[in-house]
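Below is one structure, written out as structure tokens; comments come after it.
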Amino acid sequence: MAHENIPYKIYLNESEMPEAWYNLRADMKNKPAPLLNPATHEKMKAEELEQVFCRELVEQELNDTDAFIEIPKEIRDFYKMYRPSPLVRAYCLEKKLQTPAKIYYKFEGNNTSGSHKLNSAIAQAYYAKKQGLKGVTTETGAGQWGTALSMACSYFELDCKVFMVKCSYEQKPFRREVMRTYGASVTPSPSMETNVGRRINELHPGTTGSLGCAISEAVEVAVGTPGYRYVLGSVLNQVLLHQSVIGLEAKAACDKYGIKPDMIIGCAGGGSNLGGLIAPFMGEKLRGERDYEFIAVEPASCPSLTRGVYAYDFCDTGMVCPLAKMYTLGSDFIPSANHAGGLRYHGMSSILSQLYDDGFMKARSVAQTDVFEAAEQFARVEGILPAPESSHAIRVAIDEALKCKQTGEEKTILFGLTGTGYFDLVAYEKFHNGEMSDYIPTDEELAKFRANLPKIDQK
Ligand SMILES: *Cc1c(COP(=O)(O)O)cnc(C)c1O
């Protein structure tokens, strides 16, 4: 094979680094639907959102028109600590698969939080600090977001209160200690510290919690404590905006070396890494400049895009947050207890939901044993132990590369490797012991959760 004049891992120089985030909404003809007030069903006003979220983040949330929003210098300075993230050619994986496809991945696991979430955490902490707030509250499921936010808050000397889904709090004590290392306080959710938590504990004694419930608790504390606001690690428009740094870097690296991805693949929980990775490429597609195939990969046990409905729904269990129009399974949906791989949120980013509904993006769901098989295959040849979430994207990248082997097509595949799996070894252990099963909800079960969608005029 001829040697290619491309680095094995592509980094960027300072002059090539993005100085503005890209706001995909500016190029969308059908804008994502606005957030609604849960009580009145009217469009949420900025003043209402500012009770819950930081002022500048509300501006970003509502901004559907500016294509570029400057990344403040303080945030770019922080990014220098762990960015650019490398765009890596998976030579050894290609060889192992004997595929003519070229496989690239953008690796976001090179920081202590072990995921892309730090990209938005630092931005949200910055705006909170700039507003003169004392601290922020949030929820965390598996713990990556809580860790990322703890790191960001300690950098700007903000207080950080994390409500951690109880089963993760118990199963992942090491994540909890990382958060405490950065000075955050971590409370298992549902707790007895909030009205919502007490109510849920009473209704469902012994519950191990859910993201939707932890969100309600975090919002209640933020709204009830002077000098505090709530921050969220995915789903929201502002988070996808911050995560566009992933796609902008990936695109700059591709353009620099003439790499043209045919297919871009990412795992989808709330949609932030995928929305960020595809943003500038999707922009080209929306403007009619270039075509790409985009694939969102979700767990078969939490299939919001592939089996959900596109409707206004609650973002949280306690129904205190604004309503968002999204592909959703219903806000009471909780994936089966044997689901190990993250990506367990019941809904999907409004931006990605709209793009999917308009046919600009595809979605696929995968079973968790197949995901862990791909994770192991990747770990053995690429030298990174991937997060279970990221491994959903690996699964589909491998499947597509194997299709190319059948057809002889030399496609270029780019996928997002969102993080590392060192805190997920209990899940790996289950897989290795043959104790992992694939519980896929039935249509009847999904219909039951769907029946609880808010009764509003679902346009
Ligand atoms: C949180 C997380 C995800 C999923 O969240 P999105 O908002 O859908 O990106 C994926 N991978 C890792 C490693 C995560 O920590």
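Just so you know, all these numbers are worked out from the coordinates, no wet-lab data involved. All of these numbers come straight from a predicted model, not from anything done at the bench. Note that we place each Cβ from the backbone using ideal geometry, even for glycine, and neighbour counts take in every protein chain shown.
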To make sure I understand the rule: partners must be aspartates and glutamates, Cα under 16 Å from the Cα of Lys161, and not fewer than 8 residues away in the same chain. Which ones qualify?
Glu139, Glu177, Glu193, Glu217, Glu220
Pairwise label distance in nanometres, Asn37 with Phe68, each label 7 Å out on the Cα-Cβ vector:
3.8 nm
Relative to the present Cα-Cα distance, how much length would full extension add between Lys95 and Asn452 at 0.36 nm per residue of separation?
123.6 nm
Hz values of 3J(HN,Hα) by residue in the range 224-236 - Karplus curve (6.51, -1.76, 1.60), Gly and Pro given as x
x, 10, x, x, 10, 9, 9, 10, 10, x, 7, 6, 5
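What is the calculated FRET efficiency for Leu286 to Glu435, with r their C-beta to C-beta distance and R₀ = 35 Å, to the nearest 0.05?
0.20
Find how much the distance from Glu373 to Met319 grows on full extension, using 0.36 nm per residue of separation minus their present alpha carbon separation; answer in nm with one decimal. Show your work: numbers first, answer last.
Values: separation 54, 0.36 × 54 = 19.44 nm, distance 3.74 nm.
My answer for the length gained is 15.7 nm.
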Listed residues Phe431, Ala451, Leu417: farthest to the positive end of the dipole of the range 415-459 (Cβ charges):
Ala451
Limiting things to C-alpha atoms, what are the Rg and the maximum Cα-Cα separation (Dmax) for the range 68-146, in angstroms?
17.1, 56
On the Cα set of the chain, report Rg and Dmax in Å, please.
20.6, 67
Using 0.36 nm times the number of residues separating Ser185 and Ala337, minus their current alpha carbon distance, what extension gain do you get?
52.1 nm
Filter the trypsin sites (Lys or Arg not before Pro) in the range 33-67 down to the DSSP loop ones having no more than 13 other Cβ atoms within 10 Å, then list what survives.
Lys45
Suppose R0 equals 30 Å. What FRET efficiency, 1/(1 + (r/R0)^6) with r the Cβ-Cβ distance, do Glu157 and Asp27 give to the nearest 0.05?
0.20
With each pseudo-label sitting 7 Å past Cα toward Cβ, what's the Asp77-Val223 distance in nm, one decimal?
3.6 nm
Per 5 Å bin, what is the whole-percent P(r) computed from every C-alpha pair distance within the range 137-233?
3, 16, 27, 25, 18, 9, 2, 0
Averaged over all viewing directions, the convex hull of the alpha carbons in the range 323-372 casts a projected area in nm² of 4.2 nm²
With an 8 Å Cα cut-off and a minimum separation of 6 or more residues, compute the relative contact order for the chain in percent.
19 percent
Mind listing the phi-derived Karplus ³J(HN,Hα) values for the range 263-274, rounded to whole Hz, using 6.51, -1.76 and 1.60 with θ = phi - 60°, and x for any glycine or proline?
9, 10, 10, x, 6, 9, x, x, x, 6, 5, 5
Whole-Å semi-axes of the ellipsoid equivalent to the range 390-452 (Cα gyration tensor, √5λ, descending)
29, 21, 13
With θ taken as phi - 60° and the coefficients 6.51, -1.76 and 1.60, list the Karplus ³J(HN,Hα) couplings across the range 191-199 in order, rounded to whole Hz; mark glycine and proline as x.
9, 9, 8, 10, 4, 4, x, 4, 5
Based on other C-beta atoms within 10 Å, arrange His392, His41 from fewest to most.
His41, His392
Sequence-distant residues sharing a close amide H with Val366 (under 5 Å, placed H)
Glu298, Ala300
When the helix-only estimate is applied to the chain (DSSP H runs of n ≥ 4, each -39,500 (n - 2.57), divided by the residue count), what is the mean residue ellipticity at 222 nm, nearest 500 deg cm²/dmol?
-12000 deg cm²/dmol
So, in nm, how far is label Val309 from label Glu177 when the simple model puts each one 7 Å beyond its Cα toward the Cβ?
4.6 nm
What is the magnitude of the charge dipole of the chain about its Cα centre, with +1 placed on the Cβ of each Lys and Arg, -1 on the Cβ of each Asp and Glu, and no other charges, expressed in debye to the nearest 20?
340 debye
Mind checking the range 260-330 for GluC sites (Glu not before Pro) that DSSP puts in a loop (not H, G, I, E or B) and that have at most 10 other Cβ atoms within 10 Å?
Glu289
List the residues whose amide H sits under 5 Å from the amide H of Cys267, counting only those 5 or more places along or on another chain, with H placed 1.01 Å from N in the peptide plane.
Val297, Ala393, Gly416
Residues in the range 380-409, backbone N under 18 Å from the label point at Lys9 (7 Å along the Cα-to-beta-carbon vector): list them, ranges by number please.
380-387
Residues meeting the amide H criterion for Thr412 (H placed from the backbone, H to H distance under 5 Å, 5 or more places apart or on another chain) are Lys102, Asp262, Met263
What are the chymotrypsin sites (Phe, Trp or Tyr not before Pro) within the range 299-351 that DSSP puts in a loop, where the Cβ has at most 16 other Cβ atoms within 10 Å?
none
